[in-house]
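Working notes, structure below.
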Amino acid sequence: MTWSDFYLFCFIMGFALSVLSFFAGAVHIHLPFRMHLPFHLAHHGGGVRGAIRGGGHASWFNASTAMAFLAWFGGSGYLLTRHARLVALASLAISTVAGLIAGGVVFKFMVKLMHSDPPLKSEDYRIEGSVGTISMPIRENGTGEIIFSLGGARRCAGARCEDGKPLEKGAEVVIERYEKGIAFVKRWEEFTK
């Protein structure tokens, strides 16, 4: 086996595994067996502590960075051995640097993706206690509609007054409970007393 064969094999493996990984995630292809390493090197291989809000951990040694390294290491090594007249050690060094740079770019991209999504908090998605506005008036012992914000999105729901009194359109209310798609509300002024 020559150096160019070795580099070509590394490139094909890295590229093929990257494509398989992409399709497994994008198209939800599941393999008939679970592929796990028998050791926890990916969890303890180093990385950026605190990169994720809430004290999470992003390991620099993971499948995505390894595949990027392998593909770029193999591709650049193959091209250098076939088209450049360099000593084998120089080709090895240059292709190793190219693989490390590619793995680093993939790692930085992954850390950036982890930063982009804020952590979910249960209190941001709790309907009870949300403040809203009556959009369709509530008749005495009847049902109307409320508009409120939950989790950064504007929502609407059927609404009834907790004590059965009528509420006019535009009244500011607080949701006290939510049952079967109906928000039971109370006027903001009564709630703050």
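A few notes on this one:
- Of the criteria (1) within 30 Å of G14 (Cα to Cα); (2) in contact with an Asp or Glu (Cβ under 6 Å, 6 or more places away or on another chain), which one T96 fails: (2)
- Every residue from segment 171-193 that is acidic (D, E) and touching a Ser or Thr at 6+ places or on another chain (Cβ under 9 Å): E172
- Filtered by the rule that a residue be among the acidic types (D, E) and under 30 Å from S64 (Cα atoms), segment 105-154 gives a lone residue, D117.
- Taken together, the criteria place G170 among residues that are assigned to a loop (DSSP other than H, G, I, E, B), loosely packed, with under 11 Cβ neighbours inside 10 Å and at pLDDT 85 or above.
- The residues of segment 56-93 that are among the β-branched types (V, I, T) and surrounded by 17 or more Cβ atoms within 10 Å (Cβ to Cβ), listed by number, are T65, T81.
- Segment 109-127, residues that are part of a helix (DSSP H, G or I) and either modelled with pLDDT under 75 or surrounded by 12 or more Cβ atoms within 10 Å (Cβ to Cβ) (or both): F109, M110, V111, M114, H115, S116, S122, E123, D124, Y125
- Total residues in segment 144-167, condition among the acidic types (D, E), assigned to a strand (DSSP E or B) and touching an Asp or Glu at 6+ places or on another chain (Cβ under 8 Å): 0
The values are calculated or read from the model by the stated rules, or taken from the named source; none is laboratory data. Just so we're clear, the structure is a prediction, and the values are computed from it rather than from any experiment. Note: ideal-geometry Cβ built from the backbone for every residue, glycine included; neighbour counts use all protein chains shown.
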